[in-house]
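FYI, it's all coordinate maths here, none of it is from the lab. Just so it is clear, the model here is predicted, and its values are computed rather than measured. Neighbour counts run over all protein chains shown; Cβ positions are idealised from the backbone, glycine included.
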Protein chains: 2
Amino acid sequence: MSKIFVDACFGKETPYTPVWMMRQAGRYLPEYMAVREKAGNFLNLCHNPEMACEVTLQPVDILGVDAAILFSDILVIPDEMGMDLSFVKGEGPVFSDPIRTQEDLERLVGGEEAANKLTYVYDTIKLIKERLSEDKALIGFTGAPWTLATYMIEGQGTKTYNICKKMMYSNPELLHAILRKVTDVVKLYMEKQIKSGVDVVQIFDSWASAIEPSKYDEFSWKYMVEIAHYLKAKYPHIPIIMFPKGIASFIERGFVYGDFDVFGVDWGTPMALAKEKLGEKYVLQGNMEPCRLYSKEATTECVEALQEIMGGKRHIFNLGHGILPDVPVENAKHFIDECHRVSKK
Amino acid sequence: MSKIFVDACFGKETPYTPVWMMRQAGRYLPEYMAVREKAGNFLNLCHNPEMACEVTLQPVDILGVDAAILFSDILVIPDEMGMDLSFVKGEGPVFSDPIRTQEDLERLVGGEEAANKLTYVYDTIKLIKERLSEDKALIGFTGAPWTLATYMIEGQGTKTYNICKKMMYSNPELLHAILRKVTDVVKLYMEKQIKSGVDVVQIFDSWASAIEPSKYDEFSWKYMVEIAHYLKAKYPHIPIIMFPKGIASFIERGFVYGDFDVFGVDWGTPMALAKEKLGEKYVLQGNMEPCRLYSKEATTECVEALQEIMGGKRHIFNLGHGILPDVPVENAKHFIDECHRVSKK
């Protein structure tokens with residue numbers, strides 16, 4: 001059975017434009033909160049295939065999105081490389097032993113050994129595939145090496161990225177060594193996600209905008225492209241979505257290159273700009289400002305504007321960033337319904 | 001005596017390209033830390049003209065920048081409108097009584113009454129002008145109404161701006177009423193800064209990028225332009241610098257309009273893009289990524305690249321955002337010296 005979402009990723013005609021939402025398995029859903037409560041904490045939820053499967057499927061059942069996205073966290077990779085991940089209330093993820101030197105880096109497990117430890121992710125994927133309706137796609141994902149490295153180096157979220165940046169400008173060799181080791185794990189991790197059954201993969205570079213334009217390729221994009229090309233060569237039937245957040249100006253300057261299928265457009269980038277610069281080469285995903293979900297009228301206005309710009313071609317509806325926890329479920333449902341309504345042929 | 005900085009703002013030929021740094025009177029300077037210690041806390045420092053004058057002049061003496069910028073905080077405006085500003089260690093500015101309703105807004109003092117309360121700012125300006133060398137310019141400043149409103153509505157710094165955004169999409173009339181009241185105070189505040197002696201003014205829209213492109217004009221830029229036009233009509237000899245941060249994609253789409261002199265380019269925007277789109281109409285200020293200051297080599301590389309792009313014409317050197325506290329003073333001095341060296345005619 002063909003999946004509309006996969007067809008759309010390859011730019012094929014579909015009966016309507018598919019839609020999903022970043023962070024759709026999340027805190028705005030009471031059903032998610034119930035499972036999370038049961039799990040005790042966020043990491044337990046990531047580690048438990050039965051529960052992770054359950055929350056992955058919730059938005060498919062409740063909202064009718066066209067794709068499920070694996071429930072997990074981008075930081076399970078450095079965690080299994082040997083860093084000690086914890087989530088501190090009000091502060092987000094924390095690594096007590098950040099990577100600041102070559103010796104710190106050498107301490108970390110790499111390659112197959114690290115990728116093999118992420119069995120709970122592969123088990124979750126297999127469970128989801130047993131239960132997900134055949135016409136829906138399952139999206140696997142990873143953080144981009146740069147985004148993962150920011151947490152590994154800073155030891156936590158950061159506003160200024162000043163420790164990473166000091167390394168970037170004073171000791172770029174060390175930063176590249178970290179990115180290299182992470183990239184090698186990510187390639188195998190994504191390959192194992194594909195072997196476990198995901199239909200599509202997305203690479204999230206959430207902190208792309210922390211790098212100045214003239215350095216972005218060197219410290220992030222080229223590693224993302226390396227991962228994409230590794231997967232494309234072996235699994236050409238699996239679409240790849242790239243989502244570097246906050247880099248509208250790089251689009252204008254033509255920095256986007258590489259063999260992948262879908263470019264995820266963040267909400268800070270006008271869709272018309274993305275279409276003009278990238279729309280012929282890549283299918284575009286996005287890009288409603290997530291806060292429009294606070295209002296049904298503002299949601300409809302944006303969905304209609306996006307349909308007008310994209311004309312139902314080479315497009316996947318999505319938000320331009322993750323849905324926020326205080327959005328009413330009925331407004332999220334309204335968004336999904338409106339995307340289907342305006343694009344139905 | 002003519003000031004090189006003012007001449008450069010008007011696009012006149014100057015013997016070299018002037019330079020200053022955002023947040024140049026700041027924590028990276030031991031001399032600043034000593035005064036701040038004496039003041040007891042940050043707000044005391046803003047309220048004390050003698051001390052505020054002292055820290056304003058420090059970077060002129062220590063680094064040789066071509067302009068001083070008034071030491072103050074953007075949030076003194078809502079504070080004097082009747083909100084209770086405090087700075088909580090590790091959390092930044094906090095208003096215990098955020099503005100969420102029309103009644104909250106009506107509680108606030110507006111217009112002349114609010115602007116008249118900021119006497120310590122005007123007194124600081126007068127003191128600085130007595131002591132600042134005649135060939136150096138003094139920059140006055142304000143936060144843009146939108147940036148001020150985000151703090152007034154959220155009650156503190158925010159990652160998601162979800163309270164502001166809910167208002168933007170569900171109750172835009174209230175958000176406009178807040179922006180109107182703030183704009184009216186800002187106009188008079190800037191006028192009084194000019195009457196007290198500032199040579200140039202800069203309007204900082206630090207959180208410009210929190211607004212989606214299609215709404216930016218409505219909720220921020222048009223208010224900034226209104227302030228600029230009010231000042232331009234009365235004080236055409238005072239250059240106006242606009243600094244909306246994080247809006248590279250809007251530049252490409254041609255959203256920038258209005259009668260002002262200098263456009264401040266953030267570090268996320270390639271200078272070549274800004275020059276191509278805005279360089280004929282506006283003098284451009286910027287835009288070295290502040291973290292390059294961690295390395296003298298990375299600093300020189302960027303200064304030379306900027307000089308190459310701008311060719312010493314219609315340009316003011318600056319960082320693309322504020323200097324960070326852990327930058328060595330000698331590296332900051334190296335930046336200033338390099339700007340003068342590469343642009344000397």
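Some observations on this one:
- Per residue of B:279-291, other chain Cβ atoms within 10 Å of the residue Cβ number 2 on average.
- Helix-only CD estimate at 222 nm, as mean residue ellipticity for chain B, using -39500 (n - 2.57) per DSSP H run (n ≥ 4): -14500 deg cm²/dmol
- Principal semi-axes of the equivalent ellipsoid, √(5λ) from the alpha carbon gyration tensor of region A:144-284, are 24, 20, 12 Å from largest down.
- Rounded D (µm²/s) - chain B, Kirkwood Rh over Cα pairs, Stokes-Einstein at 10 °C, 1.306 mPa s: 78
- Antiparallel DSSP beta bridges within the protein assembly as shown, as percent of all bridges there, nearest 5: 20
- Compactness of region B:1-59 - radius of gyration and Dmax, Cα, Å: 14.9, 44
- Pairs of Cα atoms nearer than 8 Å and 6+ residues apart set the relative contact order; for region B:248-312 it is 30 percent.
- Region A:7-62 and region B:57-130 have their alpha-carbon centroids 45 Å apart.
- Considering region B:2-143 at the alpha-carbon level, its Rg and Dmax are found to be 17.1, 55 Å.
- Between 0 and 90°, nearest 10: helix A:119-131 axis offset from chain A longest Cα axis: 10
- Above-threshold pairs, the threshold being 27 Å between Cα atoms, out of B:232/B:277; A:181/A:275; A:277/B:275; B:234/B:281; A:89/B:181; A:215/B:12: A:181/A:275; A:89/B:181; A:215/B:12
- Neighbour-count order for B:32, B:189, B:161, fewest beta carbons within 10 angstrom listed first: B:161, B:32, B:189
- For the residues of A:299-305, the average number of beta carbons from a partner chain within 10 Å of their own beta carbon is 1.
- Percentage of interatomic Cα-Cα distances in the protein assembly as shown larger than 50 Å: 14
- Computed over region A:198-252, the convex hull of the alpha-carbon atoms projects to a mean area of 4.0 nm².
- Amide H contacts of residue B:285 (H built 1.01 Å from N, in plane; Pro and chain starts excluded): B:263, B:264, B:265, B:316 sit under 5 Å, all sequence-distant by 5 or more or on other chains.
- The three principal axes of the Cα atoms in region A:123-213 give end-to-end lengths of 50, 24, 23 Å, sorted in falling order.
- Rounded to 0.05, the FRET efficiency of the residue A:259 and residue A:134 pair, given R0 = 35 Å and the Cβ-Cβ distance, is 0.80.
- Counting only DSSP beta bridges whose two residues both lie in region A:4-343, roughly 20 percent are antiparallel.
- Within 10 Å of each Cβ in A:211-221, the average number of Cβ atoms from other chains: 3
- In the elastic network of chain B, a GNM with C-alpha springs shorter than 10 Å, the most mobile of B:269, B:158, B:124 is B:158.
- Projecting the Cα positions of A:327, A:250, A:194 onto the charge dipole of region A:4-343 (unit charges on Cβ atoms of Lys, Arg, Asp and Glu, taken about the Cα centre) puts A:250 furthest along the positive direction.
- Pairs of Cα atoms farther than 22 Å apart, region B:63-176, %: 43
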